Amino acid sequence: MPKGPNFAVGGLVLAILAGAVADGAEQDLRPVGRTAEGRLMIDKASQHDHHGHGYERVLATVELADPVAEAGRTLARADVTLDWDCARGRLRTVERIYRTAQGEYVRREPSGDDWRAVPLSGAERAAFELVCPRARQGEPPEAGGPEAASQRRRSEAQVVWMPGPRR
């Protein structure tokens, strides 16, 4: 085992860096209610405008009401990536990462879900109002309303015609 002042300084630097990494990954979990699956919490610290596509991407955690035994481990939690279209009042599930109660990774499931309307009540409605506060206040989600949102950059393929060679 190395000893001396350089090793001690190096250990201190590693400890500080480890603390900085842990602080950078802090969550801001906000409980919003129960779904059929379990208790839903939204991580407000993860919320961001997803690549300028006009919707918010947020990480959520679901503490499963009925944990499931799988491959010798118990799935107790699902970390869920959700997209929220505030302007159109809809959401979609992007993926689920299942974990044990201790946070150990078990498996990942991409969702591929289509957009669906946000329910009028329940935990998903409470989550929508947390992620999209203007929707709760009855204000337009953004300047120009849904029409402006439809003019934003889209993910679909676009064809660009280039002029032919000059003669």
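Scanning segment 43-84 for residues that are outside any strand (DSSP E or B) and in contact with a strand residue (DSSP E or B) (Cβ under 6 Å, 6 or more places away or on another chain) yields a count of 2. Screening the candidates 34, 73 for the property of being in contact with a helix residue (DSSP H, G or I) (Cβ under 7 Å, 6 or more places away or on another chain), touching a residue at least 12 places away in the same chain (Cβ under 8 Å), farther than 20 Å from residue 132 by Cβ and among the basic types (Lys, Arg) yields one hit, 34.
Annotation: residue 75 fulfils all but one of (1) surrounded by fewer than 13 Cβ atoms within 10 Å (Cβ to Cβ); (2) touching a Phe, Trp or Tyr at 6+ places or on another chain (Cβ under 7 Å); the unmet one is (1).
For the criterion of being more than 19 Å from residue 39 (Cα to Cα) and either at pLDDT below 60 or of a type outside the set (D, E, K, R) (or both), residue 119 fails.
For residue 88, the conditions (1) at pLDDT 65 or above; (2) under 21 Å from residue 41 (Cα atoms); (3) surrounded by 15 or more Cβ atoms within 10 Å (Cβ to Cβ); (4) not aromatic (Phe, Trp, Tyr) are fulfilled apart from (2). Across segment 17-61, which residue is modelled with the lowest pLDDT among those that are under 18 Å from residue 76 (Cα atoms) and touching a Ser or Thr at 6+ places or on another chain (Cβ under 9 Å)? Among them, the one singled out is 29.
The values are calculated or read from the model by the stated rules, or taken from the named source; none is laboratory data. This structure is a prediction, so every number in the text was calculated from the model and none was measured. With ideal geometry, Cβ positions are generated from the backbone for all residues, glycine too; neighbour counts draw on all protein chains shown.
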